[in-house]
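Trainee: This is the structure, below, for whatever I ask next.
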Amino acid sequence: MDFSSYDLMTTIRLIVLSGESRRVDVKRGSRSGCIYIKAGEIYRVVADQRQGDAAFFEIISWDRAVHKDSQESTMPEGNMRISTHVLLQAMRNQVYQK
């Protein structure tokens, strides 16, 4: 299933809830990033010069970012320290602040 028709935060939530392994490529202007979700866990995030947790918070702060998700069979090494549950809560708080 392609989740790209939803906004970025909904896409991330749906992939996590589905338990799938997917890669979400995100762009906003000259900025770009990638969120890897492995078996429903946010596993690795890269955004420009940032990695891990800092990259995740950078990406979710981008207004009007466009994204595309794809099936991912091979995952690079994980780099996240914060649990997926906490990251989803942070996304929810981000929505309420806007």
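The values are calculated or read from the model by the stated rules, or taken from the named source; none is laboratory data. These numbers were taken from a predicted model, which means no experiment stands behind them. Heads up, the Cβs are rebuilt from the backbone with ideal geometry, glycines too, and the neighbour counts pull from every protein chain shown.
Trainee: Restricting to the stretch 10-37, count the residues that are surrounded by 15 or more Cβ atoms within 10 Å (Cβ to Cβ) and either under 19 Å from ARG92 (Cβ atoms) or within 11 Å of the chain's Cα centre (by Cα) (or both).
Mentor: Selection size over the stretch 10-37: 15.
Trainee: Next question, about the same structure. Would you say VAL45 is in a strand (DSSP E or B), within 11 Å of the chain's Cα centre (by Cα) and aliphatic (A, V, I, L, M)?
Mentor: In short, yes.
Trainee: Among (1) without any contact (Cβ under 8 Å) to a residue 12 or more places away in the chain; (2) under 10 Å from the mean Cα position of the chain (by Cα), which single condition is TYR6 missing?
Mentor: TYR6 satisfies every listed condition except (2).
Trainee: Given the structure, is SER61 of a type in the set (Gly, Ala, Ser), within 12 Å of CYS34 (Cα to Cα) and modelled with pLDDT under 95?
Mentor: Criteria not met by SER61.
Trainee: Another question about this same structure. Mind listing whichever residues of the stretch 63-91 are without any contact (Cβ under 8 Å) to a residue 40 or more places away in the chain and under 24 Å from SER5 (Cβ atoms)?
Mentor: Within the stretch 63-91, ASP63, ARG64, ALA90 meet the criteria.
Trainee: Shifting gears a bit: Of the numbered conditions (1) buried (at least 17 other Cβ atoms within 10 Å of the Cβ); (2) at pLDDT 95 or above, SER83 satisfies every one except a single condition; which is it?
Mentor: Condition not satisfied by SER83: (1).
Trainee: Which one is farthest from ILE15 (Cα to Cα), of the residues in the stretch 48-98 that are assigned to a strand (DSSP E or B) and over 13 Å from the mean Cα position of the chain (by Cα)?
Mentor: ARG50
Trainee: So, one more: Pairs, please: C-beta under 9 Å, at least 6 apart or cross-chain, first residue within 19 Å of PHE57 (Cβ to Cβ) and assigned to a loop (DSSP other than H, G, I, E, B) and in the stretch 17-34, second at pLDDT below 95 and among the hydroxyl-bearing types (Ser, Thr, Tyr)?
Mentor: none
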